[in-house]
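Undergrad: Before anything else, here's the structure in question.
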Amino acid sequence: MKMTIRLITAIALLAGLTALQPLQAQISYGIKGGLNIANIGGADAPDSDPRTGFHVGGFLGISFLGIVAAEGGVYYSQKGYVMATEGGPELIYNYIDIPVVVKFSPLPLFHFYAGPQASLFLNGSMKDTDFDFDAENFTSPDFAVVLGAGVNVPGGLRLSVGYDLGVTPINVDEKKVYNRVLKLTIGYKF
């Protein structure tokens, strides 16, 4: 009888440990970069056209069960816009973006993500104008909600498209003007 209880206990313990194996968190890290198509939006935003820039940086992720993951990153990111007037200047804003997103992968190749992002304003400039750029009134950090979707290509390659929806006015003088950025990204997970 004692031998049977021990055997059942050993089998139950082994089965429990085997069942817990997938629950272990898997850590991943890598690099990402790509194209930014930036503009501004909001009730007080002037007429504007998008400008292109880039983003580049690294990420660290923790995956649970292979379906849900938390991922944070640090990226240099160019934003801004072009004033829609004839001969209007191009405004270039440089930030450090720090997103923290939750990723959901219903299938091994596809993922969706959403979460908050803080962006630290570094500097800015105005192209094609004689006016000086005044960076004193820029909001930093600039907060946004990020969302997107991507494809995990075998071998560690990742392709994604995302959108940064700014929720903090970019400038204290312009109460309802927010950053809007469409990001096309390629990355590599080590």
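The values are calculated or read from the model by the stated rules, or taken from the named source; none is laboratory data. None of these values were measured; they are calculated from a predicted model. Glycine gets a Cβ as well: all are built from the backbone with ideal geometry, and neighbour counts include every protein chain shown.
Undergrad: Quick check: anything in segment 75-90 of a type in the set (D, E, K, R), touching a residue at least 12 places away in the same chain (Cβ under 8 Å) and under 24 Å from Arg51 (Cβ atoms)?
TA: Yes - at least one qualifying residue is present in segment 75-90.
Here is a yes/no grid of residues against (1) out of contact with any His (no Cβ under 7 Å at 6 or more places or on another chain); (2) not in a strand (DSSP E or B):
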| site | (1), (2) |
| --- | --- |
| Tyr81 | yes, no |
| Gly87 | yes, yes |
| Ile96 | yes, no |
| Ser105 | no, no |
| Phe112 | yes, no |
| Leu147 | yes, no |
| Gly155 | yes, yes |
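Per-residue answers, yes or no, for (1) within 19 Å of Ala114 (Cα to Cα); (2) surrounded by 17 or more Cβ atoms within 10 Å (Cβ to Cβ); (3) under 17 Å from the mean Cα position of the chain (by Cα):
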site: Ile40; (1), (2), (3): no, yes, no
site: Ser48; (1), (2), (3): no, yes, no
site: Gly58; (1), (2), (3): yes, no, yes
site: Phe64; (1), (2), (3): yes, no, no
site: Ala70; (1), (2), (3): yes, no, yes
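Undergrad: Evaluate segment 162-181: report whether one residue or more is within 30 Å of Tyr29 (Cβ to Cβ), outside any strand (DSSP E or B) and among the polar types (S, T, N, Q).
TA: Within segment 162-181, one or more residues are within 30 Å of Tyr29 (Cβ to Cβ), outside any strand (DSSP E or B) and among the polar types (S, T, N, Q).
Undergrad: Now for a different question. Restricting to segment 167-190, what's the tally of residues that are touching a strand residue (DSSP E or B) at 6+ places or on another chain (Cβ under 6 Å) and either among the charged types (D, E, K, R) or without any contact (Cβ under 8 Å) to a residue 40 or more places away in the chain (or both)?
TA: 6
Undergrad: Checking Asp97 against (1) closer than 18 Å to Thr168 by Cβ; (2) surrounded by fewer than 16 Cβ atoms within 10 Å (Cβ to Cβ); (3) modelled with pLDDT of 95 or more, which single condition isn't satisfied?
TA: (2)
Undergrad: Is there a residue in segment 71-83 that is of a type in the set (Val, Ile, Thr) and in contact with a Leu (Cβ under 7 Å, 6 or more places away or on another chain)?
TA: No: segment 71-83 contains no residue that is of a type in the set (Val, Ile, Thr) and in contact with a Leu (Cβ under 7 Å, 6 or more places away or on another chain).
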